[in-house]
Amino acid sequence: MKLFSCFMLLLLFLLQVVPGLDLPKDTLRCVGYHGFCFRSKSCPRPFAAFGTCAWRQKTCCVDTTSNFHSCQDEGGHCVPPQIKCLQEQVGLCPQREWKCCTEV
């Protein structure tokens, strides 16, 4: 797993250095949450699906053993940015810019 992580970091570095090789926005978001892009629709353990990659062609999978847990795993629910939370919760939401709330 560590070798795979190092390979992904090297690949991302090369893509950032070489002009014209930009990653899709959904892939950048996945990588920003320390996720990996898998071809299958389901993620292998200990990963959980968290959005898409490669223009919705792949599944973004986030390691559930890390500190990056989904909002629902933490007991909250995802709401759009225009809704105010009475109490925000730490957790990731699959929709961009949505926030995790325990109470709305």
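Listed values, structure above:
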| item | result |
| --- | --- |
| Subset of region 28-45 (residues that are under 18 Å from Gln72 (Cβ atoms) and either among the β-branched types (Val, Ile, Thr) or open to solvent by 60 Å² or more (accessible area, probe 1.4 Å) (or both)) | Tyr33, Ser42, Arg45 |
| Any pair with Cβ under 7 angstrom, 6 or more apart, that starts in region 27-46 at a residue that is under 13 Å from Lys58 (Cβ atoms) and ends at one that is open to solvent by 80 Å² or more (accessible area, probe 1.4 Å) | Arg29/Arg96 |
| Output for region 46-85, where each listed residue is at pLDDT 85 or above and loosely packed, with under 14 Cβ neighbours inside 10 Å | Trp55, Arg56, Gln57, Pro80, Pro81, Gln82, Ile83, Lys84 |
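The values are calculated or read from the model by the stated rules, or taken from the named source; none is laboratory data. Everything quoted here is computed from the prediction, not taken from an experiment. Note that we place each Cβ from the backbone using ideal geometry, even for glycine, and neighbour counts take in every protein chain shown. Quick note on the areas: whole protein, heavy atoms, side chains included, nothing else; ligands and nucleic acids left out. Shrake-Rupley method; radii C 1.70, N 1.55, O 1.52, S 1.80 Å.
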